[in-house]
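Contents: one structure, followed by commentary.
Only the coordinates and a few stated rules stand behind these numbers; no lab work does. Fair warning: this is a prediction, and the values are worked out from it, not measured in the lab. A quick note on method: Cβ atoms are made from the backbone with ideal geometry, for glycine too, and the neighbour counts reach across all protein chains shown.
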There are 2 protein chains.
Amino acid sequence: MLTLVLADTELERVPVELQRHPAVRASARKRGRSPAAILLDSSFHHPALQKFPEGERRGRPDIAHIVLVVALDSLLNLEGGLRIFVHTRNDEAIQLAPETRIPKNYSRFTGLVEDLFERGEVPEEKPLLHLDREVTLEHLLAKLGGEAWAFAEGGEPLDLRTEFPRHGEDLVAVIGGFPHGDFRSPVARLCKRVVSIHPKPLKAWTTAAEVLIAYRRALSSTPLAGE
Amino acid sequence: MLTLVLADTELERVPVELQRHPAVRASARKRGRSPAAILLDSSFHHPALQKFPEGERRGRPDIAHIVLVVALDSLLNLEGGLRIFVHTRNDEAIQLAPETRIPKNYSRFTGLVEDLFERGEVPEEKPLLHLDREVTLEHLLAKLGGEAWAFAEGGEPLDLRTEFPRHGEDLVAVIGGFPHGDFRSPVARLCKRVVSIHPKPLKAWTTAAEVLIAYRRALSSTPLAGE
């Protein structure tokens, strides 16, 4: 089983200090929600983020969206070999059931996550996404158990084709859910290895696709025919 | 070189018959564009599409968006080994320069494509996306040259790990840019092979990621270390 942890993800509701900013109020009005209930989104709230602490990396629900779409629709997930968690900058942990059909449309996705922050689980009829609060990455990895590797710029070079766990050994893959810069959590202390699969900086969804596909390949060396 | 052709993509402006529909007019007003200038989008125009010909598959710019994000940020593209084309249901062909930084935000993406339909190339300062009209899939493949394979549900089973072009032979990979159903273009006649990489129906971005990663792996069998 592979466990994907999107860590330090820049996914949060608008912080209280920014809730009265005109850009935030305008986008809240447009969505028909209160400024406290909407997700911070750098596409719409850029002016509010300019002088805000770490404003250059915050408000990126789009990163979580694309990674989740790629991961949930992956062959590894279709075949039952994947667990998916999103750990946020505010130390929430979101678990997604493998059968989740995440909205492909971005505004529907943000609406769903806003409901999740409000209610703790969604959808109402049959919860597939669960949110737990006060879960640091350290707590989450301890709860998950197993060997964790962090995928990070500047990590030890790793060739996914030849140096990846063989024969289906369990692995927790920690990938950063932020646009640039370092993990905010101490991954070097928390993970057995910090590895880099390419000399260039990669997007979270690029690393996720590479890791998921390589893990599935390494599961077995027998042909896929007849699967 | 791998050429990715997203074919029969459900990407079009609102057809004239639907431009007066209340759902279309509401979303055009919200975007500040005329109903004729906005993209058909099943997320917003579902009521208008219900009784429209092939309405159950049309209006899916989100599919093109996710595939383009995945492809442009792929390692194969970062390393200069990929060309990308989007062929639409109305026989337009969009070419994207490899260095295109496509907006991750969906509304910005649709705005960009709406400008592209208007002007034929975007962005103004340094065009990276070009649109040609009256280009059938047959024309496009003839222009591209080289061997084309279509990836389709029900095609001949293909194991990407072992049966993929080796040593960097050129290939044109034709992937469907629609949610379900068959290609509208006659891919069986136009392509050398029609193949299927998994018994389950796959999303376009899942197939794209698998093909791009497999092609890069097949390019060489030497370790990536020191790249």
**Complete:** Note on chain A: alpha-carbon gyration tensor, axes a ≥ b ≥ c; rule is a/c under 1.5 for rounded, else prolate if a/b larger than b/c, else oblate; result prolate
**Request:** Find out how many positive minus negative residues lie around B:Gly146, taking Lys and Arg as positive, Asp and Glu as negative, among other residues whose Cβ is under 14 Å from that of B:Gly146.
**Result:** +1
**Complete:** Along the dipole axis of the protein assembly as shown (charges at Cβ: +1 for Lys and Arg, -1 for Asp and Glu; origin at the Cα centre), the most positive-end residue among A:Ala37, A:Leu160, A:Ile197 is A:Ala37
**Asked** If one takes the longest principal axis of the Cα atoms in chain B, at what angle in degrees, from 0 to 90 and to the nearest 10, does the Cα axis of helix B:61-72 lie?
**Response** 30 degrees
**Message:** Taking B:Val16 in one copy and the same position in all the others, each labelled 7 Å out along Cα→Cβ, what are the pairwise distances from the first, in nm, shortest first?
**Reply:** 5.8
**Request:** Mind checking A:12-24 for the average number of partner chain beta-carbons within 10 Å of each residue's beta-carbon?
**Result:** 0
**Prompt:** Shielding of B:180-191 by partners, i.e. mean partner chain Cβ atoms within 10 Å per residue?
**Reply:** 0
**Message:** To test your reading of the geometry: what angle, between 0 and 90 degrees and rounded to tens, separates the Cα axis of helix A:22-31 from the longest principal axis of chain A?
**Reply:** 70 degrees
**Prompt:** Where in the range B:5-36 does the amide nitrogen come within less than 13 Å of the point 7 Å from the Cα of B:Glu54, taken along Cα to Cβ?
**Reply:** B:7-13, B:15
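Would you tally the net charge around A:Leu72, using a Cβ to Cβ cut-off of less than 11 Å, leaving A:Leu72 out, and scoring K and R as +1, D and E as -1?
Neighbourhood net charge equals +1.
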**Efficiency of FRET from Cβ geometry, B:Glu156 and A:Ser107, R₀ 45 Å, rounded to 0.05** = 0.70
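At most 15 other Cβ atoms within 10 Å and a DSSP loop assignment: could you name the trypsin sites (Lys or Arg not before Pro) in the range B:40-123 that fit?
Values: sites: B:Lys51, B:Arg57, B:Arg58, B:Arg83, B:Arg89, B:Arg101, B:Lys104, B:Arg108, B:Arg119; in loops: B:Lys51, B:Arg57, B:Arg58, B:Arg89, B:Arg101, B:Lys104.
In loop regions of the range B:40-123 (DSSP not H, G, I, E or B), the sparsely surrounded trypsin sites (Lys or Arg not before Pro) are B:Lys51, B:Arg101.
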**Asked** Karplus couplings for the range B:169-177 from phi (6.51 cos²θ - 1.76 cosθ + 1.60, θ = phi - 60°), rounded to Hz, Gly and Pro as x?
**Response** 4, 5, 8, 10, 9, 9, 10, x, x
**Request:** Compute the FRET efficiency between B:Ala142 and A:Gln95 as 1/(1 + (r/R0)^6), taking r as their Cβ-Cβ distance and R0 = 45 Å, and round to the nearest 0.05.
**Result:** 0.35
**Residues whose placed amide H lies under 5 Å from that of B:Val122, excluding near-sequence neighbours** = B:Leu128, B:Leu129
**Inter-copy spacing of B:Gly32 label points, which lie 7 Å from Cα along Cα→Cβ, given in nm from shortest upward** = 2.2
**Where GluC sites (Glu not before Pro) fall in DSSP loop in the range A:76-158, at most 15 other Cβ within 10 Å** = A:Glu79, A:Glu99, A:Glu124, A:Glu125, A:Glu134, A:Glu147
**Asked** How far apart are the A:His139 label points across copies, placing each 7 Å from Cα toward Cβ, in nm, shortest first?
**Response** 6.0
**Estimated distance in nm for a label pair at B:Arg133 and A:Val16, the labels positioned 7 Å out from Cα along Cα-to-Cβ** = 5.7 nm
**Item:** Shielding by other protein chains, B:160-166, mean Cβ within 10 Å
**Value:** 2
**Message:** For the ranges A:182-193, B:63-74, what's the packing order if you count other beta-carbon atoms within 10 Å of each residue, average per peptide, and put the highest first?
**Reply:** B:63-74, A:182-193
**Asked** Among A:Leu75, A:Leu129, A:Leu11, which one moves the most in a GNM of chain A with springs linking Cα atoms closer than 10 Å?
**Response** A:Leu75
**Message:** Antiparallel versus total DSSP beta bridges in the protein assembly as shown: what percent is that, nearest 5?
**Reply:** 35 percent
**Item:** Unit charges at the beta carbon, dipole of chain A: most positive-side option, A:Ser27, A:Ala7, A:Ala209
**Value:** A:Ser27
**Message:** Restricting to Cα atoms and excluding each atom paired with itself, what does the Kirkwood estimate give for the range A:1-123 in Å?
**Reply:** 15.1 Å
**Request:** Note down the magnitude of the dipole of chain B about its Cα centre, charges +1 on Lys and Arg C-beta and -1 on Asp and Glu C-beta and zero elsewhere, to the nearest 20 debye.
**Result:** 700 debye
**Message:** If each DSSP helix of 4+ residues adds -39,500 (n - 2.57) and the sum is divided by the residues in the protein assembly as shown, what number results at 222 nm, nearest 500 deg cm²/dmol?
**Reply:** -9500 deg cm²/dmol
**Item:** Model label zone, A:Ala26; criterion: amide N under 15 Å from point 7 Å along Cα-to-beta-carbon; scope the range B:31-70
**Value:** B:31-32
**Restraint check, A:Lys30/B:Lys104; A:Lys30/A:Lys51; B:Lys51/B:Lys192; A:Lys51/A:Lys104; A:Lys104/A:Lys126; B:Lys30/B:Lys51, Cα-Cα greater than 28 Å** = B:Lys51/B:Lys192; A:Lys51/A:Lys104
